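What follows is a set of notes on a single structure, which appears directly below.
FYI, it's all coordinate maths here, none of it is from the lab. Keep in mind the model is a prediction, meaning the values are calculated, not measured. FYI the Cβ positions are ideal-geometry reconstructions off the backbone, even for glycines, and counts take in every protein chain you see.
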Amino acid sequence: LKPLGTQAASSPRLAGRESTAAMAASGIVKRFAPLADRILVQKLKTEAKTASGILLPETAKTSPNWAKVLAVGPGRLTKEGELMPMNVKVGDTVVTPEYGGMSMKFDNEEYHVYRDEDLMGIIQEE
């Protein structure tokens, strides 16, 4: 598991302590293994402060549906019994649907599980 790195200027910035999030993420990755075509993600949080230093209230923050992939299942079997490869890998930043998936809490952190086909796309790093 790679630590959560810095994002490109156009992407949301992570709020809080990255090392704490990385440690919590490594704990769930060791204890939770997605099955079939399921993917474990943790949504990225937007920063509560603007570039000029103004603190934003919770209602003013826009939360993009971006998430970091923490664990990936082996894939889904086709009718012929062949394993279909997954579209994402651990460490990818993906766009998730606004609704759907399954939410779960682990060590006071919120995680989500989606099917591979439910993800909207991958955010490419510049």
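Per-structure values
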{"quantity": "Reachable aspartates and glutamates, given that their alpha-carbon falls under 18 Å from the alpha-carbon of Lys45 and they are not under 8 places away in the same chain", "calculated": "Glu18, Glu58, Asp92, Glu98, Asp107, Glu109, Glu110, Glu125"}
{"quantity": "Extension reserve of the Met120-Met104 stretch, reckoned as 0.36 nm per residue once the Cα distance is removed", "calculated": "3.7 nm"}
{"quantity": "At most 14 other Cβ within 10 Å, DSSP loop - chymotrypsin sites (Phe, Trp or Tyr not before Pro), region 83-112", "calculated": "Tyr99"}
